[in-house]
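Remarks on the structure that follows.
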Amino acid sequence: MKLGDLGLVAKSNRSTQRLMVKVTPLTVVKVLEKFRIIAKQSGKRSQDAKQGTIQELLVCATDCEPQYLVRLLQTKMRIGLAEQTVLVALGHAMVYSEVPPVPSSQIQSRLEEASKIVKQVYSVAPIYDKIVSALLSAGVRKLSDTCCFTLGVPVGPMLAKPTKGVSEILDKFQDTEFTCEYKYDGERAQIHYLDNGSVEIYSRNAERNTGKFPDVVDSVSRFKKPSVTSFVLDCEVVAYDRQKQKILPFQVLSGRARKGVTLSEIKVSVCIFSFDILYLNGRQLLQEQLKVRRELLYDSFQEVEGEFQFATAITSDDLEEIQKFLDNAINQSCEGLIIKTLDRDATYEPAKRSNNWLKLKKDYMDSVGDSLDLVPIAAFHGRGKRTGVYGAFLLACYDEHNEEYQSICKIGTGFSEAMLEERSASLRDKVISAPKSYYRYGDTLNPDVWFEPAEVWEVKAADLSISPVHRAASGVIDPNKGISLRFPRLLRVREDKNPDQATCSEQVGEMYLAQKINHSGNQDEDED
């Protein structure tokens, strides 16, 4: 395709067409209405109906409208606009439209306050219709009161910060009671049981996963107690061998179809390991302490072997006991531990990587610590045996503040031939003619092809070092240099994450500093 963009193709084609009659111009309301119709259409001949609705929109579109209609349908606007920008803009718009105007001496603090409020509300009620209406009717300062967590609408999951060992956990949670739970290697799931008895399951990206797990929907009636009329559970869905009563690797679970799964066709059984409850019988629990939430979880549900179990947990501050608990978790095919404070402030913090939750994986102690979720933004052609596929890839982390992807390493080793062919084939239709304006990389890097930011790869490395070539966390540790990974290797593709949910540059900086503290003899390298 010469243009490399379906939106530009639509614009070009539409500009050469002539209409016999005058059409009604598009409005934002009309486009939104038609998009909702498209989203709800299903069943026999639904594809034909969707095509008809799209065609109706394109016929009415003029100038650049066909381009952006098609890009909206692809969910790739290609304008460097991230969701965080929209939320900040909403907050700023409310401040600038206040009557009387905000004094110039207060404007900056008010802008920051408004942005923070809108972001926080969006994490528990991600519905723009509701947020905008509440902003217009009650203002930004009352937004939290008028727009809150609703059953059936997924909230952003609370996340944990990485640690490198049991001793670091004891140091961070000194004089604070905490609990340790197994960290299961599956898919994060938020299960909503509505008042009418229906069940909805959402991924960590707030995608509707109900059609992927009909067996989970079917099991709800067996593990909830009769007194429970509605709930929201935070849990991990894990592939499970019910005959041997053992957890199976994540790769087994990833073999399941993504939608349209029927009970009779299921070959990979799953078990729900629940570790938190966010809503129960009409009462939202986000502001309750973890102790309270856990008691309600245990009191309201019952374990069903191989279908629903509570996350294995202990409460201890004994180093040897925690180390033994970590070893047991690893022996039972878990990734490691999640450590949670039981402090009075231990509320549930949606969409936040909180200091109240720490994670310790089995391979943290002998390398860089946490794995990183990175985005392939470019590649280099393979040579020799790798001719015909990409020989190496340029990976980037995501800078949330500047909304840009910053290069962090090249990765080309550790791929099997099949894996390399698979990743190359997956990225070929993501090729773009030039790097995005929001890509940051060293001048000496000259990839053969550039990609749309589309995939997220989980990568492990030996350590992090200061680099003049890469731009990850540039200026955070060194004023003129970034941070790079040494000896990176691909662990898996994170299909449950979007590119803007990749490891952020701030986390990269924190990981580097934690490494320097734990390995004071670490030498930085100026070579990639």
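The values are calculated or read from the model by the stated rules, or taken from the named source; none is laboratory data. Just so it is clear, the structure is predicted and the values come from calculations on it, not from any experiment. Note that we place each Cβ from the backbone using ideal geometry, even for glycine, and neighbour counts take in every protein chain shown.
So that you can scan it fast, the table gives a plain yes or no per residue for (1) in contact with a Gly (Cβ under 6 Å, 6 or more places away or on another chain); (2) over 30 Å from Val88 (Cα atoms):
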| residue | (1), (2) |
| --- | --- |
| Arg428 | no, yes |
| Ser433 | yes, yes |
| Arg440 | no, no |
| Val459 | no, yes |
| Ala462 | no, yes |
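Looking at segment 136-153, can you tell me whether even one residue there is within 21 Å of Tyr298 (Cβ to Cβ), hydrophobic (A, V, I, L, M, F, W, C) and in a helix (DSSP H, G or I)?
Within segment 136-153 (the criterion being within 21 Å of Tyr298 (Cβ to Cβ), hydrophobic (A, V, I, L, M, F, W, C) and in a helix (DSSP H, G or I)), the answer is no, since none of the residues qualifies.
Pull out all pairs, ordered by first then second residue, where Cβ-Cβ is under 9 Å, the residues are six or more apart or on different chains, the first lies in segment 354-374 and is closer than 17 Å to Lys183 by Cβ and modelled with pLDDT of 60 or more, and the second is basic (Lys, Arg) and in a loop (DSSP other than H, G, I, E, B).
As it stands, the answer is Leu360/Lys164; Asp370/Lys164; Asp373/Arg494; Asp373/Lys497, since those pairs meet every condition given.
How many of the residues making up segment 307-323 are among the small types (Gly, Ala, Ser) and over 27 Å from the mean Cα position of the chain (by Cα)?
Step one: filter segment 307-323 for residues among the small types (Gly, Ala, Ser), giving 311, 313, 316.
When the remaining residues are screened for being over 27 Å from the mean Cα position of the chain (by Cα), the result is 316.
Here the count works out to 1.
Residues in segment 155-173: is at least one over 20 Å from Lys361 (Cβ atoms), buried (at least 22 other Cβ atoms within 10 Å of the Cβ) and out of contact with any strand residue (DSSP E or B) (no Cβ under 6 Å at 6 or more places or on another chain)? Before the answer, list the steps.
Residues of segment 155-173 over 20 Å from Lys361 (Cβ atoms): 155-156.
From the residues that got through so far, the ones that are buried (at least 22 other Cβ atoms within 10 Å of the Cβ) too are 155.
Right, trim to out of contact with any strand residue (DSSP E or B) (no Cβ under 6 Å at 6 or more places or on another chain) and you get 155.
The answer is yes; a qualifying residue exists.
Scan segment 460-474 and give yes if some residue there is assigned by TED's automatic domain parsing to the domain that holds Ala392, part of a helix (DSSP H, G or I) and either within 18 Å of Phe380 (Cα to Cα) or modelled with pLDDT of 85 or more (or both), otherwise no. Give the steps one after another, and end with the answer.
Let us first name the residues in segment 460-474 that are assigned by TED's automatic domain parsing to the domain that holds Ala392, namely 460-474.
Then keep just the ones that are part of a helix (DSSP H, G or I); that gives none.
Scanning segment 460-474 turns up no residue that is assigned by TED's automatic domain parsing to the domain that holds Ala392, part of a helix (DSSP H, G or I) and either within 18 Å of Phe380 (Cα to Cα) or modelled with pLDDT of 85 or more (or both).
Here are some residues: Glu320, Glu295. Which one is closer than 19 Å to Glu181 by Cβ and at pLDDT below 95? Walk me through it before giving the result.
Values: Glu295 fails: at pLDDT below 95.
Going through Glu320, Glu295 in turn, just one is closer than 19 Å to Glu181 by Cβ and at pLDDT below 95: Glu320.
Scan (1) closer than 22 Å to Val153 by Cβ; (2) more than 25 Å from the chain's Cα centre (by Cα); (3) surrounded by 12 or more Cβ atoms within 10 Å (Cβ to Cβ) for the single condition His92 breaks and write down its number.
Unmet for His92, out of (1) closer than 22 Å to Val153 by Cβ; (2) more than 25 Å from the chain's Cα centre (by Cα); (3) surrounded by 12 or more Cβ atoms within 10 Å (Cβ to Cβ): (1).
Between a residue in segment 260-280 that is in the same structural domain as Ser300 (by TED's automatic domain parsing) and more than 17 Å from Tyr182 (Cβ to Cβ) and any residue that is buried (at least 17 other Cβ atoms within 10 Å of the Cβ) and of a type in the set (Phe, Trp, Tyr), which pairs come within a Cβ distance under 8 Å, given they are 6 or more apart or on different chains?
Val261/Phe213; Ser269/Tyr240; Ile277/Phe231; Leu278/Phe149; Leu278/Tyr348; Tyr279/Phe149; Tyr279/Phe231; Leu280/Phe231
Go through Val140, Val132 for me and flag whichever is modelled with pLDDT under 95, under 23 Å from Leu286 (Cβ atoms) and either in contact with a Gly (Cβ under 7 Å, 6 or more places away or on another chain) or surrounded by 17 or more Cβ atoms within 10 Å (Cβ to Cβ) (or both).
Numbers: Val132 fails: either in contact with a Gly (Cβ under 7 Å, 6 or more places away or on another chain) or surrounded by 17 or more Cβ atoms within 10 Å (Cβ to Cβ) (or both).
After applying the criteria, what remains is Val140.
Tell me, please, whether a residue that is surrounded by fewer than 16 Cβ atoms within 10 Å (Cβ to Cβ), closer than 30 Å to Lys142 by Cα and modelled with pLDDT under 90 can be found in segment 56-73.
no
Take Lys430 and tell me if it is more than 18 Å from the chain's Cα centre (by Cα) and at pLDDT below 95.
In short, yes.
Answer with yes or no whether Asp171 is in a loop (DSSP other than H, G, I, E, B) and either farther than 22 Å from Thr503 by Cβ or of a type in the set (Asp, Glu) (or both).
Numbers: in a loop (DSSP other than H, G, I, E, B): no; either farther than 22 Å from Thr503 by Cβ or of a type in the set (Asp, Glu) (or both): yes.
It is false that Asp171 is in a loop (DSSP other than H, G, I, E, B) and either farther than 22 Å from Thr503 by Cβ or of a type in the set (Asp, Glu) (or both).
Name every residue in segment 174-185 that is crowded, with 22+ Cβ neighbours inside 10 Å and either within 16 Å of Arg344 (Cα to Cα) or without any contact (Cβ under 8 Å) to a residue 12 or more places away in the chain (or both), in order of residue number.
Result: Phe178, single match.
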